[in-house]
Amino acid sequence: MAGQPGKTTLRALKLGVFVLALSPFLLMVWDTFIGNLGTNPVEELLHRNGDWGLRLLLVTLAITPLRRLTGANWLVRLRRMLGLYAFFYACLHLLVFVVFEHELSLAALWEDILDRPFILVGFCAFLLLVPLAVTSTKGMMRRLGKRWQRLHRLVYACGVLALLHMFLLTKSNDYREPLLYTAVFAGLMLLRIPAVRQLGLWQRFR
Ligand code: HEM
């Protein structure tokens, strides 16, 4: 069983994760500032924010299996921050799209949502993230009780839609990247199935 860190260590860990998860954003700001975003800066920003949104969503989903596997219950204390970071990058992703591709025209965004299936799917994934972010506070958790857990199962649907979004936008039939993310997501889902949990893999790893 992994030991539980003390208050100070946990605070330092949280700060470390906070800075680490913020670093792609800081790098984007820096690269924008020095003009290091390649020949198509908007596409580069769109891709970087989309990738980090998805990666952090997967990292958030990894917390529960990792906690069970290692017995490190304190990991759960990092989950909300990681989930909110996934939302943060998804917001930036949408912002870049609306500001630079549609020049802030919500009508043009709506037309695009109806026109291109991958935009519709991405938008649905984003919409699912909103109630999760809004209800991520301790107060909301307390107020919603059991309903909180039920509501937060939306994160699985959000993961599926984000992956579908990625498959649909993939060009020239190179599906390696979405397949890799899908494999990670599928692995994390598998570890949540009660029958798999009962195999006692956790105890063997500890
Ligand atoms: C809010 C609605 C969304 C819109 C309008 C949107 C739009 C886009 C666009 C236009 C692209 C680039 C497509 C291309 O290069 O041809 C893209 C890529 C991507 N998006 Fe979204 N997206 C949305 C939501 C999301 C969400 C919620 C996630 C994940 C949390 C996500 C993850 C990605 C990923 C991983 C990529 C591919 C990046 C890459 O190829 O490196 N998107 N999205």
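Could you line up ASP31, ASP174 from fewest to most neighbouring Cβ atoms inside 10 Å?
Details: ASP31 16, ASP174 9.
Ordered by Cβ neighbours within 10 Å, fewest first: ASP174, ASP31.
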**Prompt:** Of TYR156, TYR85, TYR181, TYR175, how do they rank once you tally other Cβ atoms within 10 Å and put the fewest first?
**Reply:** TYR175, TYR156, TYR181, TYR85
**Asked** So how much slack lies between LEU95 and MET141, counting 0.36 nm per residue of separation and subtracting their Cα-Cα distance, in nm?
**Response** 13.7 nm
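Based on the Cβ-Cβ distance from ARG197 to TRP74, what FRET efficiency comes out when R0 is 30 Å, to the nearest 0.05?
Computed FRET efficiency for ARG197 and TRP74: 0.90.
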**Fill in**
Around VAL98 (Cβ within 14 Å, Cβ-to-Cβ, excluding VAL98; K/R +1, D/E -1) the net charge comes to -4
**Prompt:** Which order results if THR39, THR170, THR60 are arranged by neighbouring Cβ count within 10 Å, fewest first?
**Reply:** THR39, THR170, THR60
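With contacts defined as alpha carbon pairs under 8 Å and 6 or more residues apart, what's the relative contact order of the chain in percent? Please report the intermediate quantities before stating the final value.
Working: 161 pairs, mean separation 47.0, N = 206.
Rounded, it is 23 percent for the chain.
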**Prompt:** Once the piece of chain linking GLU103 and LEU13 is laid out straight, how much longer is it, given 0.36 nm per residue of separation minus the C-alpha distance between them?
**Reply:** 28.4 nm
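So for the chain, if I pair up every lysine 8 or more residues apart or on another chain, how many of those pairs have alpha-carbons under 30 Å apart? Could the numbers behind the result be given before it?
On the way: LYS7/LYS138; LYS7/LYS146; LYS14/LYS138; LYS14/LYS146; LYS138/LYS146.
Final tally of qualifying lysine pairs is 5.
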**37 °C / 0.692 mPa s Stokes-Einstein diffusion coefficient of the chain, Kirkwood radius on C-alpha pairs, µm²/s** = 176 µm²/s
**Item:** Value of [θ]222 nm, deg cm²/dmol, for the chain, DSSP H segments ≥ 4, -39500 (n - 2.57) each, nearest 500
**Value:** -25000 deg cm²/dmol
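If I take R0 = 25 Å and measure r between the Cβ atoms of TYR175 and LEU20 in this structure, what FRET efficiency does the formula 1/(1 + (r/R0)^6) give, to the nearest 0.05? Please report the intermediate quantities before stating the final value.
Numbers: r = 29 Å, r/R0 = 1.15.
That pair, TYR175 with LEU20, gives E of 0.30.
Quick note: the coordinates plus some simple rules give every number you see, no bench work behind them. This is a predicted model, so every value here is computed, not measured. Here the Cβ is made from the backbone with ideal geometry for all residues, glycine too, and neighbour counts use every protein chain on show.
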